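The next block holds one structure in the form of structure tokens; read it before the comments.
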Amino acid sequence: MWLLLKGGRIVDPSRGIDEGGDLLIQDGRIVGGHNAPVGEDGRTIDCAGLVVAPGLIDMHVHLREPGYEHKETIATGARAAAAGGFTTILGMPNTKPAIDNRAVVEYVLNEGADADVNVLTTGAATKGNDGAEMAEIGDMVDAGAVAISDDAFPVQNADLMRRVMEYSRMFDVPVLTHCEDTSLTLDAVMNEGVNATILGLRPWPRQAESIMVIRNILLSELTGCPVHIQHVSALESVGEVRWAKNRGIPVTCETCPQYFSLTDAALNTYNSNAKVNPPLRTDADVEAIKAGLADETIDAIATDHAPHSLEDKQVELQYAAFGMVGLETALPLVLTNLVKPNVLSLCDAIAKMTIAPARILGLDSGTLADGAVADVTIFDPDATVTVRADEFKSMGRNTPFDGVELTGKVIATIVAGKVVSSDE
Ligand code: DOR
């Protein structure tokens, strides 16, 4: 079986390549651009005008299964990923039951094995995500968890977090951490500032994030454990990570498209789809995030894809669930808000969605090198698309970008040489 991707712009940040050419896939692997297809059994895809990139990797996704299958299942989340150009997704452990032991890790990986894209899982830092007792980290890693995370339920006790890091280091997996001092965010709805005051909504200070970012950086220094700061939203957090990297502490971080595309002004219409944790911030934060992306302080772009049902979202703002879906808008938001305005080159932007998360998670994907498994994304970098939430493959419709015109369109997503999504 062969697939020839002909005449595209091949962008492979893992090898610093951005040039025109062909890419040949044979029996599920990349065999390079200068080989001829072997055998009759194959087809050619004309990629003129299109970018051919390594399959995108999203290291921050809520798949909601087990327990919240009315919001998303592993199968629907994977379908949404394929539609958005992602070939690998990493699920977070805030399911019900939590992904906090071998049995649930195995369940998720078994379900994921039949899904459209590669489904990986984290394991929870604490049992039941309750922040009190450490989960069986070694057992979960043995069962296939690629990282440990406290996402959505940030561990408040510094000593417990220290132990989580010590164990994770022992088992050679990073700790992905949701940085929030919850004593500062009780009942908070949106970023503390002028807009929260005008709207009369309970404020969420930026310090709730940056206090925990610096705590976790210092614990990373103490334990030597690679720590990855999730969904960075605040200017101060960017500065803290920059300081940590200069100091040689093994810290990496991600941001999400909402934090460089929107500010808390998006809540001025009481649109609950703009209610996320951490909250949307200000213009100064957006600029700091962009600067952090450009100077490599921010390693990766993830989505924090957080599907919710209409019932969870169509309520008064203070009762609405936190989160927005992201898998099917991420690439166009990156192209529109980072690449088009020259914040990042196309190659650097793709790096943050491919080789950077692969390296953080210790995966051998995120590359188009000869011999690699053929996970590939083909997209039109110039097409104009209007976001239509009701056409999402995700069960979640909760996006503040519904109806917005963006640049960039996924044309095909290929996993291990098989086309799993295409816009014929
Ligand atoms: O907005 C968010 N939603 N942030 C999180 O950290 C959790 C997520 C969810 O699970 O819905």
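Within the range 284-308, which residues are open to solvent by 10 Å² or more (accessible area, probe 1.4 Å), in contact with a Gly (Cβ under 8 Å, 6 or more places away or on another chain) and either within 16 Å of the ligand (Cβ to nearest atom) or among the acidic types (Asp, Glu) (or both)?
Across the range 284-308, the qualifying residues are 304, 308.
Just to be sure I understand, how many residues within the range 244-271 are touching a residue at least 12 places away in the same chain (Cβ under 8 Å), within 28 Å of residue 175 (Cα to Cα) and part of a helix (DSSP H, G or I)?
Going through the range 244-271 one residue at a time, the tally reaches 7.
What are the residue pairs meeting all of these: first residue in the range 94-105, first residue over 18 Å from residue 304 (Cα atoms), second residue among the basic types (Lys, Arg) and in a helix (DSSP H, G or I), Cβ atoms under 7 Å, and 6 or more apart or on different chains?
What qualifies is 100/127.
Determine whether residue 197 is more than 16 Å from the ligand (Cβ to nearest atom), free of Cβ contacts under 8 Å to residues at least 40 places away in the same chain and among the hydroxyl-bearing types (Ser, Thr, Tyr).
yes
May I ask you to say which residue of 67, 32 is surrounded by fewer than 18 Cβ atoms within 10 Å (Cβ to Cβ) and within 16 Å of the ligand (Cβ to nearest atom)? Break it down into steps so the answer makes sense when it comes.
Values: 32 fails: within 16 Å of the ligand (Cβ to nearest atom).
Unique residue meeting the criteria: 67.
Suppose we keep only residues that are touching a residue at least 60 places away in the same chain (Cβ under 8 Å) and crowded, with 19+ Cβ neighbours inside 10 Å within the range 147-161. Which one would you say is farthest from the ligand (Cβ to nearest atom)?
Filtering the range 147-161 for residues that are touching a residue at least 60 places away in the same chain (Cβ under 8 Å) and crowded, with 19+ Cβ neighbours inside 10 Å, the one farthest from the ligand (Cβ to nearest atom) comes out as 147.
So which residues in the range 272-283 are within 13 Å of the ligand (Cβ to nearest atom) and either open to solvent by less than 10 Å² (accessible area, probe 1.4 Å) or assigned to a loop (DSSP other than H, G, I, E, B) (or both)?
274, 275, 276, 277, 278, 279, 280
Looking at (1) assigned to a loop (DSSP other than H, G, I, E, B); (2) within 16 Å of the ligand (Cβ to nearest atom), find the lone condition where residue 318 falls short.
So the condition that residue 318 fails would be (1).
Scan the strands (runs of 3 or more DSSP E) fully inside the range 17-114 and keep the ones with 3 or more residues being closer than 28 Å to residue 254 by Cβ.
In the range 17-114, 17-26, 51-54, 56-61, 86-91 are the strands (runs of 3 or more DSSP E) which contain 3 or more residues that are closer than 28 Å to residue 254 by Cβ.
Against the definition (small (Gly, Ala, Ser), within 19 Å of the chain's Cα centre (by Cα) and more than 23 Å from residue 280 (Cα to Cα)), how does residue 371 come out, yes or no?
Working: small (Gly, Ala, Ser): yes; within 19 Å of the chain's Cα centre (by Cα): no; more than 23 Å from residue 280 (Cα to Cα): yes.
So residue 371 does not fit the description; no.
Which is within 14 Å of the ligand (Cβ to nearest atom) and either on the phi < 0 side of the Ramachandran plot or not charged (D, E, K, R) (or both), of 313, 352?
The unique qualifying residue is 313.
From 252, 269, which residue is more than 16 Å from the ligand (Cβ to nearest atom), crowded, with 19+ Cβ neighbours inside 10 Å and among the β-branched types (Val, Ile, Thr)?
Just one listed residue meets the conditions, 252.
The values are calculated or read from the model by the stated rules, or taken from the named source; none is laboratory data. For clarity, every value in this text was computed on a predicted model and none was experimentally measured. Every residue, glycine as well, gets a Cβ built from its backbone with ideal geometry; the counts of neighbours run over all protein chains shown. SASA here: full protein model, heavy atoms, side chains in, ligands and nucleic acids out. Shrake-Rupley method; radii C 1.70, N 1.55, O 1.52, S 1.80 Å.
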